[in-house]
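Here the structure is laid out as structure tokens; the discussion comes afterwards.
Read-outs throughout are calculated quantities, based only on the coordinates presented, and are distinct from any laboratory measurement. Only a predicted model underlies this, so the values are computations on that prediction, with no experimental measurement involved. Cβ placement follows ideal geometry from the backbone for every residue including glycine, while neighbour counts extend to all protein chains displayed.
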Amino acid sequence: MNSRLMCVLSLMLSALLLAGTPVAHAAQADSPGVSWHELSPEQQKLLAKFESRWADLPLARQQSLAKGSKRWLNMPPEQRQQAKQRFQRWQSLDVEQRREMRRMFNQFKKLPPEEQARIRDNFRRFKDLPPEQRQQLRKQFQQLTPEQRKRLKERLRRQQ
């Protein structure tokens with residue numbers, strides 16, 4: 001895996017950990033939308049660019065934006081800063097990189113919950129390592145052949 005792909009994977013998993021929950025599900029067909037006036041003044045300020053077309057947004061999109069703005073407002077400043085940085089990195093990706101990241105995310109979501117939990121746990125442990133050690137592990141992984149990477153992944157799965 002090249003360092004760019006590792007960065008993309010890191011972004012994806014960071015977003016998962018930040019959210020703490022699965023990606024927002026589509027709204028049920030019978031679910032009511034969120035009225036603009038139901039939003040707090042702080043949420044309205046965050047979502048101001050949507051105000052003129054709020055009523056025309058799909059119900060699931062309204063609910064997703066309302067939930068996301070509420071989560072944003074409850075984040076401590078340092079967590080907001082991290083989220084902003086991750087979003088800026090996402091925006092800097094080209095179309096193909098974003099497509100690959102979405103593909104990997106969808107592949108992750110298809111895994112059994114136990115496997116997802118194992119991956120999240122491994123990612124947390126990796127993030128807890130000192131930066132120098134993370135960089136050393138990345139470098140070692142990048143130097144492996146595809147077959148060596150496959151064997152390593154299988155061995156690590158068996159150890160879990």
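Here are the numbers for the structure shown:
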item	result
Sequence-distant aspartates and glutamates (8 or more away, or on other chains) whose Cα lies within less than 17 Å of Lys153	Glu114, Glu115, Asp121
At R0 = 25 Å, FRET efficiency that the Cβ-Cβ distance of Arg103 and Ser40 yields, to 0.05	0.10
Cα centroid separation, region 134-151 to region 30-88 (Å)	40 Å
Reachable lysines from Lys45, criterion Cα separation under 20 angstrom, eight or more residues apart if same chain	Lys67, Lys70, Lys84
Region 71-160: radius of gyration and largest Cα-Cα distance (Dmax), Å	15.9, 46
Linear extension gain, Asp121 paired with Leu156, 0.36 nm per residue minus alpha-carbon span	11.3 nm
Ranked by how many other beta carbons lie within 10 Å on average, peptides 79-88, 141-150, 58-67 from highest	58-67, 79-88, 141-150
